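Inspection log for the structure reproduced underneath, given as structure tokens.
The values are calculated or read from the model by the stated rules, or taken from the named source; none is laboratory data. For clarity, every value in this text was computed on a predicted model and none was experimentally measured. Here the Cβ is made from the backbone with ideal geometry for all residues, glycine too, and neighbour counts use every protein chain on show. The area values use the complete protein model at the heavy-atom level, side chains included, leaving out ligands, DNA and RNA. Shrake-Rupley method; radii C 1.70, N 1.55, O 1.52, S 1.80 Å.
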Amino acid sequence: MARDADATRERILAAATLEFAAHGLAGGRVERIASEARSNVRMIYAYYGGKSGLFDATLAEALRRMAENVPPRPEDLARWAGDVFDHHQRFPEVLRLSMWAQLERPEATAEPRDIYRNKTLAVATAAARPLSAVDVLVFIYAIAQAWQLSPEGLTGLEENPVRGEEVAARRQSVVTAVERMLHARDGVGEVAEPGADPADRAADPPSGRTSATSHASLRSG
């Protein structure tokens with residue numbers, strides 16, 4: 001009996017994820033969710049107390065799964081940014097749910113604070129000073145999610161935006177951008193002075209420059 005109840009909840013959450021990602025909280029219909037989940041409205045109210053409760057549970061589950069499937073890699077945050085990009089390519093509904101929550105039910109976005117706190121703790125020793133761990137996470141998310149969050153009027157200009165080569169190029173750009181951000185104090189990706197000759201800049205030794213790796217060394221535990 002418990003197994004059947006768990007299976008029903010899983011179907012409801014799966015159907016709710018697609019419904020709320022497409023229509024938001026206000027536009028989502030419990031009747032459509034119940035039908036898609038092969039359940040009924042009464043069961044949804046029994047399990048979640050109503051549409052708002054279901055929305056909160058759906059968002060929390062989507063974020064929990066992301067945290068579980070794509071945990072931070074403090075030893076290689078740039079590659080982790082690539083993993084985040086991949087996750088949103090496969091599960092674009094997670095970002096859509098988050099955006100709807102910010103607009104319609106911001107109190108729901110406060111619930112996964114522990115998830116974010118754990119992530120900041122995981123990357124705390126890998127922050128590129130003077131950026132804090134929170135700064136690093138914010139910028140990594142912004143870079144990794146940029147394509148999915150851009151207006152369709154812009155991304156739709158691509159003839160074939162889901163072609164493998166183009167997606168791979170975007171992923172590599174995400175990884176490269178985060179690498180340069182984390183190692184900016186090494187001079188990687190440094191912007192030249194106006195009017196400076198790039199050849200002269202390349203020949204100059206990086207005197208007095210402290211490597212960011214000394215600030216980003218990782219400690220186990």
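Observations on the structure shown:
- Residue that is modelled with the lowest pLDDT [pool: residues in the stretch 108-129 that are open to solvent by 50 Å² or more (accessible area, probe 1.4 Å) and not in a helix (DSSP H, G or I)]: E111
- So A78, is it in contact with an Asp or Glu (Cβ under 6 Å, 6 or more places away or on another chain) and at pLDDT below 85: no
- Selection of the stretch 18-67 for residues being charged (D, E, K, R) and more than 26 Å from H88 (Cβ to Cβ) yields E31, R38, R42.
- Matching residues, the stretch 144-164, being farther than 14 Å from Q89 by Cβ, part of a helix (DSSP H, G or I) and open to solvent by less than 80 Å² (accessible area, probe 1.4 Å): G153
- Looking only at residues of the stretch 165-185 that are open to solvent by less than 50 Å² (accessible area, probe 1.4 Å) and of a type outside the set (A, V, I, L, M), we find that the one that is farthest from V70 (Cα to Cα) is E166.
- Which numbered condition R171 fails, given (1) part of a helix (DSSP H, G or I); (2) at pLDDT below 85: (2)
- Residues that are β-branched (V, I, T) and within 28 Å of the chain's Cα centre (by Cα), drawn from the stretch 22-46: V30, I33
Quick grid of which residues meet (1) over 12 Å from I12 (Cα atoms); (2) free of Cβ contacts under 8 Å to residues at least 24 places away in the same chain:
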residue	(1), (2)
R32	no, yes
S39	no, no
Y47	no, no
R64	yes, no
E68	yes, yes
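- Residue pairs meeting the criteria (Cβ under 9 Å; at least 6 apart or on separate chains; first among the hydroxyl-bearing types (S, T, Y), in the stretch 127-156; second open to solvent by less than 60 Å² (accessible area, probe 1.4 Å)): S132/T120; S132/A124; Y141/A81; Y141/V84; T155/Q148; T155/P161
- Each residue in the stretch 11-26 was checked for being open to solvent by 60 Å² or more (accessible area, probe 1.4 Å) and charged (D, E, K, R), and 1 of them qualify.
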